[in-house]
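Beneath this line is the structure, given in structure tokens, with notes to follow.
The values are calculated or read from the model by the stated rules, or taken from the named source; none is laboratory data. None of the values given here were measured: they were computed from a predicted structure. Counting neighbours? That spans all protein chains shown, and the Cβs are built from the backbone with ideal geometry, glycine included. Protein only, heavy atoms only, side chains kept; ligands, DNA and RNA dropped before computing areas. Shrake-Rupley method; radii C 1.70, N 1.55, O 1.52, S 1.80 Å.
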Amino acid sequence: MSKFIAKPAHSLSGSLKVPGDKSISHRSIMLGSLADGITKVTGFLEGEDALSTLKAFQAMGVKIEREGDNVTIHGVGINGLKKPSEPLDLGNSGTSIRLMSGILAAQDFDCELVGDESLSKRPMGRVISPLTEMGAVIDSNDGKPPLKIKGGQALKGITYDLPVASAQVKSCVLLAGLYAQGQTCVTEPAPTRDHTERMLKGLGYKVNVDDNKMCLTGGGKLTATEIQVPSDISSSAFFMVAAAIAPQADVTLTGVNVNPTRTGVINILQLMGANLTLSNEREIGGELLADIRIQSSELKGIQIPEDLVPLAIDEFPAVFIAASCAQGETVLTGAKELRVKESDRIQVMADGLNILGIKNEVLEDGIKIQGGVFQKPTDIIESHHDHRISMSFAVASLRCNHPIEINGVDNVMTSFPNFVELANSAGMDITEV
Ligand code: S3P
């Protein structure tokens with residue numbers, strides 16, 4: 001089990017290119033595999049999660065070649081997947097297992113989806129339930145992985161009202177809908193990332209989006225295309241917070257995906273008073289990109305608007321570090337979903353903040369954080385193998401006077417393989433041991 005030692009570093013600068021978006025990388029493999037023709041992907045995230053999806057589709061007979069972040073997918077068509085010879089191991093990746101369940105529920109072969117210790121504890125009832133309503137047959141370990149999916153079921157279209165704002169569940173149902181008889185619609189209680197809808201349209205599949213309702217009709221086909229994966233705003237968020245809290249900082253993050261369903265972290269940091277500006281906004285392949293400049297900021301505590309929660313759902317560990325460095329109290333509510341991510345991100349962050357002497361109060365659906373000064377750590381911080389917890393506490397070193405040790409950082413590889421290298425190139429001092 002590896003550990004970060006993050007030594008105090010007080011300045012951060014440079015123009016940084018963060019790796020490709022994880023959500024878009026997963027979807028490029030899934031939809032490229034199901035398309036007719038060859039899909040070329042550039043900027044693919046070479047992180048373990050996206051590679052789990054890639055390997056799973058290779059195991060189902062899809063020829064996929066990769067040279068660094070360039071991927072060529074020889075699509076097999078919507079009905080061209082083959083039965084894998086072994087259970088598909090999706091590692092730590094919730095997106096892989098939930099989205100692929102939708103596709104695999106409609107195949108003519110049986111298959112089993114498994115994951116690591118963290119994934120094996122995560123709730124899958126949220127996808128099993130709508131898929132079962134569509135006619136799928138899925139066996140699970142009391143609503144958790146492994147998932148045993150029975151092949152040969154004819155699915156029928158449904159209208160599904162999402163009980164939680166989840167892009168993974170929405171995408172799962174829409175992907176199953178590609179194979180279902182008739183129309184499949186999903187309504188969402190609040191906007192969630194819409195990369196699936198955008199990419200389906202990019203590959204020529206008709207998706208009707210009317211306010212919070214997305215519908216498609218089964219039986220169509222996907223046509224190969226070129227996909228350029230923009231930089232991941234979730235990975236960029238560590239550098240946004242890092243630059244905002246560092247005593248001296250001027251950082252530009254280039255080519256970041258600023259899809260409006262993902263930009264909650266920008267809104268939250270701006271509400272906190274961050275010195276953050278967007279420039280060079282452009283659209284590439286149906287996704288919005290911008291360069292983001294962040295300079296040292298005097299942050300203030302805020303009540304985080306609940307409507308921003310789904311739009312920043314993966315960025316809260318980093319936002320909690322910003323809140324720790326802000327003047328006054330930051331309050332987050334309406335974020336119960338954080339408890340079922342790669343770790344219980346409310347409790348695990350609270351435990352780490354306690355070790356750094358930051359006063360906080362854990363709420364059932366959020367947290368209150370009193371801005372303060374990071375103290376000499378009283379212990380090693382445990383990331384609980386959660387990549388985003390590891391990177392968030394590493395960023396805290398920009399406002400510390402003592403080294404911070406973070407345990408169990410291996411899973412940084414799932415989403416941001418060159419995090420340490422990039423952070424150190426900008427002025428941080430992180431060693432992995
Ligand atoms: C994702 C959706 C979100 C997010 C996850 C990636 C996606 O999960 O937390 O990291 O790619 O669709 P939920 O749908 O569970 O909110």
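Per DSSP H run of n ≥ 4, the term is -39500 (n - 2.57); total these for the chain, divide by its residue number, and report the mean residue ellipticity at 222 nm rounded to 500 deg cm²/dmol.
That comes out to -8500 deg cm²/dmol.
Leaving out ligands, DNA and RNA, what percent of the accessible area of segment 10-69 is carbon and sulfur, probe 1.4 Å?
Heavy-atom surface of segment 10-69 belonging to carbon and sulfur, 1.4 Å probe: 47 percent.
Give me the angle, in degrees from 0 to 90, between the Cα long axis of helix 233-245 and the longest principal axis of the Cα atoms of the chain, rounded to the nearest 10.
Helix 233-245 sits at roughly 10 degrees to that axis.
With a Förster radius of 45 Å, plug the Cβ-Cβ distance of Asn418 and Glu133 into 1/(1 + (r/R0)^6) and report the FRET value to the nearest 0.05.
On the way: r = 42 Å, r/R0 = 0.93.
The pair Asn418/Glu133 has a calculated efficiency of 0.60.
Cross-link partners among lysines for Lys206, C-alpha distance below 19 Å, same-chain residues fewer than 8 apart left out?
Here the lysines satisfying the reach criterion relative to Lys206 are Lys156, Lys170, Lys221.
Where does the charge balance sit around Leu175 when Lys and Arg score +1, Asp and Glu -1, over other residues with C-beta under 12 Å from its C-beta?
Net charge around Leu175: +2.
For Lys368, what charge total do you get from the other residues with a beta carbon under 9 Å from its beta carbon, if Lys and Arg give +1 and Asp and Glu give -1? Intermediate values should be presented prior to the final figure.
On the way: positive: Lys359; negative: Glu329, Glu361.
Combined, the nearby Lys, Arg, Asp and Glu give -1.
In segment 302-380, what percentage of the DSSP-assigned beta bridges are antiparallel, given to the nearest 5?
Within segment 302-380, antiparallel bridges account for around 90 percent of the total.
Going Cα to Cα from Lys336, which aspartates and glutamates come in below 16 Å? Please leave out same-chain ones fewer than 8 positions away.
Straight-line reach from Lys336, under 16 Å: Glu306, Asp307, Asp314, Glu315, Asp344, Glu361, Glu364, Asp365.
Angle, helix 22-34 long axis vs. longest principal axis of the chain, Cα atoms, 0 to 90°, nearest 10?
Roughly 10 degrees, rounded to the nearest 10.
Leaving out ligands, DNA and RNA, what percent of the accessible area of segment 145-302 is carbon and sulfur, probe 1.4 Å? List each step's numbers first, then the result.
Numbers: 2680 of 5800 Å².
It is 46 percent, rounded to a whole number.
P(r) for the chain: what percent of alpha-carbon pairs falls in each 10 Å bin, starting at zero?
Here the calculated profile for the chain is 5, 23, 33, 25, 12, 3, 0.
If you roll a 1.4 Å probe over segment 359-433 with all protein chains in place, what percent of the accessible area is carbon or sulfur?
47 percent
Can you find, among Val62, Phe44, Ser11, the residue farthest towards the positive end of the dipole of segment 1-71? Put +1 on the C-beta of Lys and Arg, -1 on that of Asp and Glu.
Ser11
Tell me the per residue accessible area of the chain using a 1.4 Å probe; a whole number in Å² is fine. Can you show the working numbers first?
Details: 15730 Å² over 433 residues.
That works out to 36 Å² for each residue.
Which angle from 0 to 90°, rounded to the nearest 10, does the C-alpha axis of helix 94-104 make with the longest principal axis of the chain?
Taking Cα atoms only, the helix is inclined about 10 degrees.
Under the rule that a partner needs its Cβ under 4.7 Å from the first Cβ, which Cys of the chain have none?
Cys111, Cys172, Cys325, Cys400
Exposed loop sites here are GluC sites (Glu not before Pro) in DSSP loop states with at most 13 other C-beta atoms within 10 Å. What is the longest stretch of the chain lacking them?
No qualifying site falls inside 118-297, the longest such stretch.
Normalise the Debye intensity by I(0) for segment 42-201, one equal point scatterer per Cα, no solvent, then take log10 at q = 0.13, 0.19 Å⁻¹ and round to two decimals.
-0.58, -1.32
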